[in-house]
Amino acid sequence: MKIAILPGDGIGPEIVAEAVKVLEVLRRDGLPVVTEVAPIGGAGYDAAKRPLPEATLRLAQAADAVLMGAVGGPRYDALPRELRPEQGILGIRKALGLFANLRPAILYPELAAASTLKPEVVAGLDLMIVRELTGDIYFGQPRGRRTNARGEEEGFDTMLYSVPEIERIARVGFETARARGRRLCSVDKANVLDTSILWRETVSRVAADYPDVALSHMYVDNAAMQLVRNPKQFDVIVTGNIFGDILSDEASMLAGSIGMLPSASLDASAKGLYEPIHGSAPDIAGQGKANPLATILSLAMMFRYTFRDGATAARIETAVRGVLRQGLRTADIALPGEPVVGTSRMGDAVVAALQQA
Ligand code: IPM
Ligand code: MG
């Protein structure tokens, strides 16, 4: 189990350190885990003048799986777009062909009160967003800036999907739904965008291969509204890169905090990059306040999807639930007045719970 560890920037190194503690327990228990660390994002820029250094990409390519923290920070905001930390993560997704991004939003019953939504709206929530990750307006060409005929400066990006790209992510959506509640909602903007009309046609055609899965379609604006109105209507959502980016942040708040949401980004053979869906939180970086649970839960996803070791995944998830049940809370999931613990206390508690399991 060769795992490349890319801590990144901001709170990235702090939260990844807690996940590494979990890996060490698993190694002591006999799993053949080998890790190597490399810089990405702003750290990559500092080390090698680029957000995705050559050596980091080579390490990730040679690994079975990648664990990432987060990238970005105010120090790098003034860099030109191609040198910004975000290009590190976008570049590695593209270079490794990680087209399928799984973002589960699960509300642990212990955190029902931490959500900003009423407990009865979110209690029992368990939805999965399947986000396409290597296409769409993130990567479409042409893009750039130009001066138009009136002498005005313009910026432009291209939303673009090919039929094979839509088909392969649709299949991941259907397969994911098949293994869960057998309901798939495809989210698009087919009332306005040509890309979305093709998306909807293609997903509908792929549906013929999955007669056991109930497919529905929803416009993205309505989906954004339905997610806060009645999120439990969803089982699996499949959508494009930009809509999935936005809807997964929205869904994270249903689960109490963005600090709780892990993700898996998979290629066609389930090699994967695993990362929390939250960012580098420069405002709290270096203070030991960040919630490491999304990163630890990302590690659980790594065992489930890449190493096909559901027992270890469940063991990690059970340990996380255990610490929540014990009442441990980082600031992001604490109720007003509740005592809070820091990043490493939370990680240590997960390690202790693991050792008991
Ligand atoms: C995410 C992030 C990234 C994205 C950024 C950091 C490039 O928001 O993983 O959701 O937009 O995909
Ligand atoms: Mg995002």
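Laboratory data are not the source of any read-out in this text; all were calculated from the coordinates shown. None of the values given here were measured: they were computed from a predicted structure. Note: ideal-geometry Cβ built from the backbone for every residue, glycine included; neighbour counts use all protein chains shown.
Numbers below:
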read-out	value
DSSP beta bridges in the chain [antiparallel fraction, %, rounded to 5]	40 percent
Cα pair count fraction exceeding 28 Å, expressed as % - the stretch 105-260	27 percent
Simple spin-label estimate for Ala270 and Lys2 in nanometres, 7 Å along Cα-Cβ	2.0 nm
Charge dipole magnitude, Cβ of K and R +1, D and E -1 - the chain, Cα centre, debye nearest 20	480 debye
Glu154 paired with Ala331, simple spin-label distance in nm, labels 7 Å along Cα-to-beta-carbon	4.5 nm
Distance violations [Cα-Cα > 30 Å] among Lys94/Lys289; Lys2/Lys94; Lys189/Lys232; Lys94/Lys118; Lys2/Lys49; Lys2/Lys189	Lys94/Lys289; Lys94/Lys118; Lys2/Lys189
Dipole magnitude of the stretch 260-336, debye to nearest 20 (Cβ charges: Lys/Arg +1, Asp/Glu -1, about Cα centre)	280 debye
Gain upon complete extension [Arg168, Gln356; 0.36 nm per residue less C-alpha separation]	63.6 nm
Under DSSP loop assignment and at most 11 Cβ neighbours within 10 Å, longest trypsin sites (Lys or Arg not before Pro)-free interval of the chain	151-307
Length released on extending from Asp348 to Glu24, taking residue separation times 0.36 nm less the Cα-Cα span	115.5 nm
Potential extension, Thr318-Glu82 segment - 0.36 nm per residue separation minus Cα distance	80.9 nm
Antiparallel DSSP beta bridges within the stretch 105-260, percent to nearest 5	30 percent
Relative contact order, percent, the chain [alpha-carbon distance under 8 Å, six or more residues apart]	21 percent
Rg followed by Dmax, in Å, when the stretch 221-357 is reduced to its Cα trace	15.8, 47
Calculated SAXS-style log₁₀ I(q)/I(0) at q = 0.11, 0.12 Å⁻¹ - the stretch 219-288, Debye, Cα scatterers	-0.34, -0.40
Distance in nm between pseudo-label sites at Glu36 and Arg229 (7 Å out along the Cβ direction from Cα)	5.2 nm
Value in Å of the Kirkwood radius, where the chain supplies the Cα pairs that are averaged	20.9 Å
12 Å tail of the calculated P(r), the stretch 60-113, as % of Cα pairs	76 percent
For the stretch 1-122, Kirkwood radius (reciprocal of mean inverse C-alpha pair distance, Å)	16.0 Å
